[in-house]
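What follows is a short report on a single structure.
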Amino acid sequence: MKFTAPKGTRDLLPPETTAWQYAEQVFCEVCHRFGYQEIRLPTFEQTALFQRGVGETTDVVQKEMYTFDDKGGRSMTLRPEGTAGVVRSYIENGMASWPSPVRLFYMITAFRYENVQKGRYREFHQFGCEAIGAEGPAIDAELISLLDLYFKTMGLKETSLRINSIGCPQCREQYHRVLKAWLKPHLTKLCANCQERFERNPLRIIDCKEENCARLTADAPAQMDYLCQTCGDHFNGLQHQLRLLDLPFVIDRRIVRGLDYYTRTVFEFVSGHVGTQGTICGGGRYDGLIAAVGGSATPGIGFALGVERLFMELQAQEVQMPLPQPARLFIAVAGNHADEAARLCSRLRRSGIYADVDTMGRSLKAQMKYAGKSGAAAVLVLGDDEVNSGTGRLRDLASGQEIEVALDQLKNLLQPRTV
Ligand code: HAM
């Protein structure tokens, strides 16, 4: 039997992993600069958390969750996203008593049973931030500004920010009435899911991925035209803040986002390069979510960035990342000096040097061939002469140049690793 990676998953191999580590380091650094701290959460949660948080009428909950009963008969689900878990943890760990807003970031894998295509996987990675406790639009702009700095630091040149407001439960009620009246004549032509959503959550119909539904609802009324005074002021406030921070944006009345917890601000960063899955990053406000999953009413906002899509974009824009490649020394063993070579290599590694030594008892010729292929920067052959004299010849593999060195001075000649 031939085993393969499950459909919709992907092995991440070196040297690609080096680029991912770089993307993670830059994300951590930018988040820390804005006062966000890392949170690490379980990969699976109780199914009911996502049903209640993400929403029963969403595609994610209806069709895409990896749900299973554990051996104790409890229904569990591999997280399809990070926000519900963060909010669960916020409530469970009493973070309401922390200085507000509570600013958290995460780097996670997420799981959705989706139709696999370019930029759409069943296991994928997200970098995300959540800011809990602040109601005004300043924090919305802060998160967008963080993303903008991250994209720029990573070297992306073109990213387009789209924003919208989908109001609060009060103004949405009026909008739902208008939307339902508009949708009614088209109802029988919509997909079965949308027909079901019509009563329970008509806003979801605007977000349906079925081609026919998307075409039929292209001219449907937008929530934007039915915002209450407070939501309208909030959205104007956000635009003011974005201009203040020199963050260009486009208002896109069609953005409703695919998850139910959103209120007021919603936003996406899109690109033409990520195929049909043009959204690299999406986020928004969820002022009702914390109360919906058992906490006291607290506003929140966040985003998640799809890491696979970020890399597609970096590649499409031909971004060169400054990936650190520390020089590595290979110690080749001549004669029966494997023990001395192992000891020298270990000493160098302990003092911070990238070093490698033969572990397979290969001939000197085979070791030199391996050193060349392995990407080592320099080689030192350790034989009788070197062991007796305590000196050796350090050979730069690129230039072929050799220098005489005292073995106990090697660590000063090689660049120690900076962590
Ligand atoms: P989302 O829009 O469902 O939002 O996902 C965020 C990002 O994850 C997308 O823009 C996309 O880049 C990536 N993504 C989603 N599904 C896939 C997939 N199947 N394959 C590859 N990439 C994918 C959320 O998840 C919210 N939790 C964001 C948020 C945080 N809102 C507030 N706080």
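The values are calculated or read from the model by the stated rules, or taken from the named source; none is laboratory data. Since the structure is predicted, the reported quantities are computational estimates derived from the model, not experimental observations. Every residue, glycine among them, receives a Cβ derived from its backbone with ideal geometry; neighbour counts consider all protein chains shown. SASA here: full protein model, heavy atoms, side chains in, ligands and nucleic acids out. Shrake-Rupley method; radii C 1.70, N 1.55, O 1.52, S 1.80 Å.
Between S389 and N336, what length comes free when the chain is fully extended (0.36 nm per residue of separation minus the Cα-Cα distance, one decimal in nm)?
Details: separation 53, 0.36 × 53 = 19.08 nm, distance 1.60 nm.
Going from the current span to full extension adds 17.5 nm.
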Any idea how far the Cα center of the stretch 302-332 sits from the one of the stretch 220-273, in Å? 31
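Output the direction-averaged projected area (hull surface divided by four) of the convex hull of the alpha-carbon atoms of the chain, in nm². Numbers along the way, then the final one.
Numbers: hull surface 108.4 nm².
Hull-based average projected area comes out at 27.1 nm².
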Taking a straight Cα-to-Cα line shorter than 29 Å from K369, and setting aside same-chain lysines fewer than 8 residues away, one finds K411
Among the lysines, which fall within straight-line cross-link reach of K7, defined as a Cα-Cα distance under 26 Å, with same-chain neighbours fewer than 8 residues apart omitted? K63, K71, K118, K209
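Taking the radius of gyration and the Kirkwood hydrodynamic radius from Cα positions alone, what is the Rg/Rh ratio for the stretch 63-165, to two decimal places?
Working: Rg = 16.9 Å, Rh = 16.4 Å.
In the stretch 63-165, Rg relative to Rh is 1.03.
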Write out the trypsin sites (Lys or Arg not before Pro) in the stretch 184-217 meeting two conditions: DSSP loop, and at most 14 other Cβ atoms within 10 Å of their Cβ. K209
Which value in deg cm²/dmol, rounded to the nearest 500, describes the helix-derived mean residue ellipticity at 222 nm for the chain, given -39,500 (n - 2.57) per DSSP H run of n ≥ 4 and division by the residue count? -10500 deg cm²/dmol
Please give, to one decimal in nm, the separation of the simple spin-label points placed at C228 and K209, each 7 Å out from Cα toward the Cβ. 3.3
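Which whole-number value in Å² is the accessible area per residue of the stretch 1-121, probe 1.4 Å? Working shown, then result.
On the way: 6800 Å² over 121 residues.
Using a 1.4 Å probe on heavy atoms only, each residue of the stretch 1-121 averages 56 Å².
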Measure off, as a whole percent, the carbon and sulfur share of the 1.4 Å-probe accessible area of the chain, all protein chains present. 50
